[in-house]
1. Would you call S587 at pLDDT 90 or above and within 16 Å of the ligand (Cβ to nearest atom)?
2. With (1) away from the ligand (no atom under 16 Å from the Cβ); (2) touching a helix residue (DSSP H, G or I) at 6+ places or on another chain (Cβ under 7 Å); (3) open to solvent by 30 Å² or more (accessible area, probe 1.4 Å) as the list, and S293 as the residue in question, which single condition is left unmet?
3. Considering each of E278, E301 in turn, give the residue that is open to solvent by 30 Å² or more (accessible area, probe 1.4 Å), away from the ligand (no atom under 16 Å from the Cβ), outside any helix (DSSP H, G or I) and of a type in the set (D, E).
4. Do the conditions hold for G597, that is, is it under 26 Å from L453 (Cβ atoms) and within 16 Å of the ligand (Cβ to nearest atom)?
5. For segment 563-621, how many residues are of a type outside the set (D, E, K, R), in a loop (DSSP other than H, G, I, E, B) and touching a residue at least 12 places away in the same chain (Cβ under 8 Å)?
6. Wholly within segment 172-241, which strands (runs of 3 or more DSSP E) include no fewer than the required count, namely at least 3 residues that are in contact (Cβ under 8 Å) with a residue 60 or more places away in the chain?
7. Within segment 497-510, take every residue that is over 14 Å from A586 (Cβ atoms) and open to solvent by less than 10 Å² (accessible area, probe 1.4 Å) and give me the one that is nearest to the ligand (Cβ to nearest atom).
8. Looking for whichever is β-branched (V, I, T), at pLDDT 95 or above and either more than 16 Å from the ligand (Cβ to nearest atom) or at positive phi (or both) here; the options are V386, V424, V400, V434. Which one fits?
Amino acid sequence: MCGIVGYVGTSQAAPILLEGLSKLEYRGYDSAGLAVRDHEKDPVLVKAKGRLKVLSEKTDGGRSIPGFCGIGHTRWATHGEPSETNAHPHASDDFSVIGVHNGIIENYQELRDKLIRHGYTFYSQTDTEVAVKLVDYYYKKYKVGPIDALAKTMVRVRGSYALAVMFRDYPDEIYVARKDSPLIIGTAGDNQYVASDVPAILKYTRDVYYIDNLEMARLSGEGVTFFNLDGDVVDKPLSRIEWDASVAEKGGFEHFMMKEIHEQPEAVRNTIGSVVREEKNEKGETDYQIDLSQTGMEEDEIRELSQICVVACGSAYHVGVAAQYVTEDLTDLPVRVELASEFRYRRVMADPKELVIVISQSGETADSLAALRKAKDMGMPTLAIVNVVGSSIAREADHVFYTLAGPEIAVATTKAYSAQLIAVYLLAIWFGLVRGTVAHADANNMLAEMELLPDKIRRVLEDQERIQWFASKYSNAKDVFFIGRGLDYAICLEGSLKMKEISYIHSEAYAAGELKHGTISLIEKGTLVVCVATQDDLYEKTVSNMVEVGSRGGFLMGLTKYGKYAMEDIAEFVVYIPRTDPHFTASLAVIPLQLMGYYLSCAKGLDVDKPRNLAKSVTVE
Ligand code: G6P
């Protein structure tokens, strides 16, 4: 989704804006632009279609547009095709107001018509140009200053926005407004920064403010002032970003995705470590305790629950599918899993004892946020599993379980997915302990096993060259199918998504038992079918499905546990994962599938970290 960067301070703005935008490239974009202002002089506006490189070349790395105050933008097209005209910033004709925007203004057509009636001309097809010109309209009509003009605009527009605006009459100041789209403000003495995400400003400061919904701020050399919709000044606490700037660099890997695949043992270990405590009991044995008090959930509340609904999008939804199998196995709670985009619009039976768990890496996905709000409105308790601290979902949910995956840059999630899996295992064990469906000794064994996952993931990663070799043979595949049962089906969903999103190969995941109801007709000689069979109780069933596929010419890749060597008699290529508690196999089995997607994308020469049309964080509907 679109990325916003703004800077005002003592240094040249354009290079800082370009650098910041480059750190937001992961969000996905198709054009970019800058507006920079040298004190009282008129602002200079430069835009370019395509990669940031083009914008950088056009401005000589920012050197050709001097000035100490500016706003920049990477655009992911929603209203209007990718083009220089549609790229941001957009400005009123006399440059009174220049702005960039992330989000969607839903009533833009109606506002556009109104502004046309008031003599405004529109050059682009964007809703952003409407928002900027509406600010200009109120600014000139009421003549009461930028904050008031922004507040009037915010009352009038429907939808989501993060806006950064410069006013010609207020040099060296940037004004921002926010509703439902991510925006953070960084500060370092005389220098202020605004951005859609932390990596854009991490090089310059770790001190940030989180601007809330329906709030505005003024950034200037003197500092940052926040305002509510009434224009009253509001106080904001300063927060400190703890992660290291190097986490947003590739660290010797060719792509962020590969770096993040290799960071999974650490993401898993950190997430476990944040809630699992080890103690020695009187016999000298290790006793593991889960301490989820950080979520703020009380044990009484857990005992009271009647059911769980997991709501999420994309890979986080696939974690939800795994959570269903694990939680129903370890507790007496019925669990359903819903796509947030469906949940938000359908009639849901309100059950005040149903816990709604929203899973989201970014904590900003528009559909997941809307689903969370709906659940809250209906009086259902909510718990968010979120990676980005201070994100909207984390702030609005009743309870939060933070995954400690660290910042994830590649569009295709890997380490955040793995950390989310850990979070759902821990919740299931904890709920089971509290509700008496998991014995302490069993929980202890599971937690001891969970502690071994980071090393086991590392062992799976050691097999990467074989997977690379196999992937290189299949880079021309047209269709790939993934089949599995139970938890293996949940893994198939993720494996298939990893493959299609970055290698652009059509792939589908099917519950193996569903094959006969249609999919099997798509199997031709040589069609690659990836068969995941890590669950002992379902192994034979899945193997039967493999045989059916094989006898119709399918080319079989098996993914199973060490020891199940008979699979080599059926599949042409087999990948093994170490044995673990059956509830945790997804954590190991997903690794080869991530590697497959990665290597296929590389073999096809594609942009692994920034696949076409996709965005890291989908902050619009
Ligand atoms: C996008 C990303 C996916 C992610 C999904 C949900 O589609 O490309 O990797 O799983 O959004 O994002 P969230 O931030 O809510 O986990």
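1. Values: at pLDDT 90 or above: yes; within 16 Å of the ligand (Cβ to nearest atom): no.
Criteria not met by S587.
2. Only one criterion in (1) away from the ligand (no atom under 16 Å from the Cβ); (2) touching a helix residue (DSSP H, G or I) at 6+ places or on another chain (Cβ under 7 Å); (3) open to solvent by 30 Å² or more (accessible area, probe 1.4 Å) is unmet by S293, namely (2).
3. Sole residue among the options that is open to solvent by 30 Å² or more (accessible area, probe 1.4 Å), away from the ligand (no atom under 16 Å from the Cβ), outside any helix (DSSP H, G or I) and of a type in the set (D, E): E278.
4. Details: under 26 Å from L453 (Cβ atoms): yes; within 16 Å of the ligand (Cβ to nearest atom): yes.
Spelling it out, G597 is indeed under 26 Å from L453 (Cβ atoms) and within 16 Å of the ligand (Cβ to nearest atom).
5. Of the residues in segment 563-621, 15 are of a type outside the set (D, E, K, R), in a loop (DSSP other than H, G, I, E, B) and touching a residue at least 12 places away in the same chain (Cβ under 8 Å).
6. Qualifying strands (runs of 3 or more DSSP E): 173-179, 191-195, 215-220.
7. If we take residues in segment 497-510 being over 14 Å from A586 (Cβ atoms) and open to solvent by less than 10 Å² (accessible area, probe 1.4 Å), then I502 is nearest to the ligand (Cβ to nearest atom).
8. Residue meeting the stated conditions: V434.
The values are calculated or read from the model by the stated rules, or taken from the named source; none is laboratory data. From a predicted model like this one, the values you see are computed outputs, not experimental measurements. In this analysis, Cβ positions are derived from the backbone assuming ideal geometry, glycine residues included, and neighbour counts consider all displayed protein chains. These accessible areas exclude ligands, DNA and RNA; they are computed on the full protein's heavy atoms, side chains included. Shrake-Rupley method; radii C 1.70, N 1.55, O 1.52, S 1.80 Å.
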